[in-house]
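Where a number appears in this text, it was derived from the coordinates with a stated rule and is not lab data. Small disclaimer: the values here were computed from a predicted structure and weren't measured. Quick reminder, even Gly has a Cβ in these numbers, built from the backbone with ideal geometry, and neighbours come from all protein chains shown.
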6 protein chains.
Amino acid sequence: MASRTPQALPDGSRDDTGSWFPVPDEAELPDDLRGLFAKAKERLGFVPNVFRVYSFRPRRLSAWFAHFRQLHEATEQLGAADREMIAVVVSSANGCLYCLVAHGAALREELGDPILGEHISYDWRRADLDPRRAAICAYAEKLTLRPREVTRADLQSLLDSGLSLEEAWDVAEIAAMYNLTNRMAMATNMLPNREYSAQARVGEV
Amino acid sequence: MASRTPQALPDGSRDDTGSWFPVPDEAELPDDLRGLFAKAKERLGFVPNVFRVYSFRPRRLSAWFAHFRQLHEATEQLGAADREMIAVVVSSANGCLYCLVAHGAALREELGDPILGEHISYDWRRADLDPRRAAICAYAEKLTLRPREVTRADLQSLLDSGLSLEEAWDVAEIAAMYNLTNRMAMATNMLPNREYSAQARVGEV
Amino acid sequence: MASRTPQALPDGSRDDTGSWFPVPDEAELPDDLRGLFAKAKERLGFVPNVFRVYSFRPRRLSAWFAHFRQLHEATEQLGAADREMIAVVVSSANGCLYCLVAHGAALREELGDPILGEHISYDWRRADLDPRRAAICAYAEKLTLRPREVTRADLQSLLDSGLSLEEAWDVAEIAAMYNLTNRMAMATNMLPNREYSAQARVGEV
Amino acid sequence: MASRTPQALPDGSRDDTGSWFPVPDEAELPDDLRGLFAKAKERLGFVPNVFRVYSFRPRRLSAWFAHFRQLHEATEQLGAADREMIAVVVSSANGCLYCLVAHGAALREELGDPILGEHISYDWRRADLDPRRAAICAYAEKLTLRPREVTRADLQSLLDSGLSLEEAWDVAEIAAMYNLTNRMAMATNMLPNREYSAQARVGEV
Amino acid sequence: MASRTPQALPDGSRDDTGSWFPVPDEAELPDDLRGLFAKAKERLGFVPNVFRVYSFRPRRLSAWFAHFRQLHEATEQLGAADREMIAVVVSSANGCLYCLVAHGAALREELGDPILGEHISYDWRRADLDPRRAAICAYAEKLTLRPREVTRADLQSLLDSGLSLEEAWDVAEIAAMYNLTNRMAMATNMLPNREYSAQARVGEV
Amino acid sequence: MASRTPQALPDGSRDDTGSWFPVPDEAELPDDLRGLFAKAKERLGFVPNVFRVYSFRPRRLSAWFAHFRQLHEATEQLGAADREMIAVVVSSANGCLYCLVAHGAALREELGDPILGEHISYDWRRADLDPRRAAICAYAEKLTLRPREVTRADLQSLLDSGLSLEEAWDVAEIAAMYNLTNRMAMATNMLPNREYSAQARVGEV
């Protein structure tokens, strides 16, 4: 509830999420989120900080994630690696530490190529991508940085590279989603879990 | 389904949404969306083009809207007009025609002040806003244009203007959401319904 | 006359022009300006705030307006609506509230199309303009934002769209003029008269 | 008169003004402009190319110059050199070759300091200006590059540096005028007369 | 030697440096460079591609490296890790893949902290740096992106954080050097050796 | 040696170099630098301030200059004037007062054309350059301002204009070098010697 005496932000020393907002105890969260956290611990070994930070507003987290997860369902010409690639290119254009580290790890994993994944996170233009991937990256970067200038011809370039209409839409929607997610990460000061930095490095994939 | 022969975009002459993607007939949509469209027609007299265009991917529309609608629930220090104001300021920074027209109309309506609403859509800085609203606009614009530079002090400025922690979070999440929505509108070439331009003009509110 | 004790700006509460400079009483103005004001009241029903604010320097206002008014004389391929369109596109690129509202109203009126006029004020690229108007808008925006990069080919594009040499010159000179006018409006904090917001809306033209 | 067969631009080889538009013979010009040209030849030894190029539209040149000349009338705290300084700072921000060369010469002359004048044309920040001149340059540059962000405090900074209200207005109006003039020079491809480069160099003033 | 028939760039398939220029065989290089390469192989296990690519101009490589190496000599308040940090911050601001990967590895090594090193390469602002390091990063980024605006106060901020005059100079000279080096890497299309990606990762330092 | 009590910058009133760092007496410098200074005095009549300022770190000056001087060795298709042209175009893009004045003088001298040299320093695009020089300037400016976007095609454009592979490399390396040099000049606040402003003006070359 709002108050005329300004509230102070928590001092941030309690936990390692980096969040400028209070981070609830997992035990206080609704069932669906505790289930989500449990699944994450099972699959990854830890709860991603984006979940812990976003759980300050539990209904919001549930709604956001229900949308978000749909965008990472692989299709024939736009696989899991491609979808992480879009996440990373948008996060690089916006300079989002959390997403570059967390989705950088996922990209290395999905590509099965730690070196290519790292290169894309720094500069997709010099990562020697094939024409389909280069077209996808160019589109995602333009929609992020100069959305007003995106044209029908930009969209056609995705179809020309072999994507279906649905997949071209997905490129746009994933890019749009990470423009939301990056900003939530930066507005809350979300820091990536330390585990990400070790995932899918050379010698492991 | 993906195809190696590039698909052509529809020619766009079939309807008035502007969309570069096919726009499904309402009759083909799932029940929940037909319900959504019916409610919109009842409340507004028409179906907003964002619904019609986004229904090319019905599950996505349902998921996006379930998140989106939560963000427009008014609270004590962040009312319906304030939430539309954030939508309009972000859309102005991104230059999104659809959202400026559609949420510009909503802002005029919620403010009960057609002139102030129009002014905010062009330049919130010269719209003579009170300190709380000016702080909200400044934050939303910065998170849109320079998210990497957003600091804890920027967040504190929202609390100092009288917002609760939850409301400060909402400013960030609404701004983040319109960074998604603006990009979907520009990526699909969504055009605003003609009705918006007439709503809540001088003499009516 | 200059003074070593810094002068204070007027407190701005006296009138509704928004001006940070003193606004003279109409009665103190030279004959030519009182005539100009009278004509404006007759034609529009009010004196545009640009006249009231600029009359702090009466000779300047006379000189500026003598130049300005020549640029709105319609020609065969560059009509009154086209000239207002250039004003609005430049003002949008510069983000000038006064000119967007005042010339936005004039654009709606001259086009006889309130919706198209509103759309151009937010994003000419998605306003479905014909090639001649799109070429004019592209030129005016480039001369505003990246004047150093304007080339002979940009100029030729205006001739190719059907303009005469004189009309191509006019596109440049109108765009240049609003780069002056926008800056005077923003330097003085000119606010648009409230009447503009009601002019030429849907149902009226 | 407009024509549907695109007009070609003149080939530009006829004269040394650089103009992409036809340059009329002086003999064909109205009396007032021939008088202006004669006076320029008497004072400078040549007709500035801005006059020759702009005379493609004689009435426009007369109107523009009637306004322009008022802005270079010196006052106590804003002398002739200060007014040329504003011209040069705006032209540097816009990158206008014609105005940098022509007003750079005038600035060297009016300052009686060829070195300081040259330095200001490249970077006023490192030209070791006194606080009054630094405040004027900062204001003129901001109004040129970020007009939307100009505030009442920016204006007050001019008064604090010792300018009168009228002189503060002049800083704004001169800066605004060169935003027009620079764009006319670049839109027409005006090149500076060769004589300017030799004026007011070391050893002469 | 120059030729009027345009030379073609090599097709780039011969080696893995990525260079758009011919890459000489090591055997053809002058003694000093063969010594440099041998030392690199001994210390790192491979010859960094910057050496192989730059050896197209052997004298230039010797001269550049003689300057470059001086800048990485550690001092009391500006250690080896700090110097790599400047390299990485400048390379991030310029978006240089080669230097981000190669000096990113060196930074992880010198810090003895693979996670902190990775974070700095994506966003030093959110890497939780102490005031001395934050001041150094802020200065290096500003000198890279807005050199014209660097002031005496920016320099003083380095001294205030505990650096000596010589070390403050070094911050500037290292940042300036990487503005050269980044551009050589991008102009030649230098790609980082694959070995860098594995160096100094979690579990190793 | 570093100290925890912040060091103060020298007050800058001792000499005319502008430097924010101490400027050593020439007598205290190592032999090689005293030789360099002597040669400069013989050739130019004065010691360029870049030498005096940079001599705060004598070994660095020697190393930098050993590299720098190689880049100004003329070749068949990339003469002394062309190399100064690159210096000036990069310095203009970065806005470096010192280099614009000092290398502007050298450019006027090497071109044997004071007017062309001055024009290039303000806007190479309107300086009526031949295709080879225009290609060189376009490349140098892009490598300065948007290095990440430099492509193989940009490099090929240099070969197409008649440069050899070595000369194309030189364009890149000179541009890269002035990105270092400009930043050292701006970080130290180097001011150009007064003599430069008088060199190679009209009537002298």
field: Of D:F65, D:P24, D:F51, farthest towards positive along the dipole that unit charges on Lys, Arg, Asp, Glu beta carbons give segment D:23-71
entry: D:F65
task: Would you please classify the overall shape of segment F:23-71 from the alpha carbon gyration tensor, given that a ≥ b ≥ c denote the square roots of the eigenvalues, rounded means a/c under 1.5, and beyond that prolate means a/b larger than b/c while oblate covers the rest?
output: oblate
message: Output wanted: per-residue J couplings in Hz (rounded whole) for segment F:137-143, from phi through Karplus 6.51 cos²θ - 1.76 cosθ + 1.60, θ = phi - 60°, x for Gly and Pro.
response: 5, 4, 5, 4, 5, 5, 5
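Output the pairs from A:K142/B:K142; D:K142/E:K142; C:K39/D:K39 with a Cα-Cα distance over 30 Å in this structure; if there are none, say none. The partial results should precede the final answer.
On the way: A:K142/B:K142 19 Å; D:K142/E:K142 19 Å; C:K39/D:K39 37 Å.
In this structure, C:K39/D:K39 lie more than 30 Å apart at Cα.
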message: Pick from A:P114, A:P30, A:P22 the residue whose mean-square fluctuation is largest in a GNM of chain A, springs joining Cα atoms under 10 Å.
response: A:P30
query: In sequence order, what are the phi-derived ³J(HN,Hα) couplings for segment D:162-167 according to the Karplus relation 6.51 cos²θ - 1.76 cosθ + 1.60 with θ = phi - 60°, rounded to whole Hz, with x for glycine and proline?
result: x, 7, 7, 4, 5, 6
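How big is the charge dipole of the protein assembly as shown about its Cα centre, in debye rounded to the nearest 20, if each Lys and Arg gets +1 on its Cβ and each Asp and Glu gets -1 on its Cβ?
Numbers: 144 positive and 180 negative charges, 1 e Å.
Once rounded to the nearest 20, the dipole reads 0 debye.
Counting each DSSP H run of 4 or more residues in chain F as -39500 (n - 2.57), what helix-only mean residue ellipticity at 222 nm follows after dividing by all residues, to the nearest 500 deg cm²/dmol? Write out the running numbers ahead of the final one.
Details: 9 runs with 120 residues, N = 205.
Dividing the helical sum by the residues of chain F leaves -18500 deg cm²/dmol.
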- line: Going from the fewest other Cβ atoms within 10 Å to the most, one would list D:E73, A:E110 as D:E73, A:E110
query: Comparing D:D154, D:D16, D:D31, which has the greatest mean-square fluctuation in the GNM of chain D with Cα pairs linked when under 10 Å apart?
result: D:D31
Proportion of all alpha-carbon pairs of the protein assembly as shown beyond 64 Å (%): 8
task: Taking a label point 7 Å out from Cα toward Cβ, give me the nm distances from A:K39 to the same spot in the other copies, shortest first, one decimal.
output: 2.5, 5.7, 7.2, 7.2, 8.1
task: Compute the normalised compactness of segment D:9-160: alpha-carbon radius of gyration over 2.2 N^0.38 Å, N being the residue count.
output: 1.17
message: Nearest 10 degrees is fine. How inclined is helix D:80-94 to the longest principal axis of chain D, computing both from alpha carbons?
response: 70
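What's the magnitude of the charge dipole for segment A:113-162 around its Cα centre, counting Lys and Arg as +1 and Asp and Glu as -1 at the beta-carbon? Answer in Debye, nearest 20.
Numbers: 8 positive and 9 negative charges, 56 e Å.
Its charge dipole is roughly 280 debye.
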task: Kindly identify segment F:73-205 as rounded, prolate or oblate by the Cα gyration tensor criterion: order the square roots of the eigenvalues as a ≥ b ≥ c, call it rounded if a/c is under 1.5, otherwise compare a/b with b/c, prolate if a/b is larger, else oblate.
output: oblate
field: Charge dipole (debye, nearest 20) of segment F:23-71; +1 at Cβ of Lys and Arg, -1 at Cβ of Asp and Glu
entry: 220
- request: Calculate one ³J(HN,Hα) per residue across segment A:180-196 by plugging θ = phi - 60° into the Karplus curve 6.51 cos²θ - 1.76 cosθ + 1.60, and present them in order as whole Hz with x for glycine and proline.
  value: 6, 5, 3, 5, 5, 5, 6, 5, 9, 6, 3, 10, x, 4, 5, 4, 4
- line: With a ≥ b ≥ c from the Cα gyration tensor eigenvalues, square-rooted, and the rule rounded for a/c under 1.5, otherwise prolate when a/b > b/c and oblate otherwise, segment C:126-172 is oblate
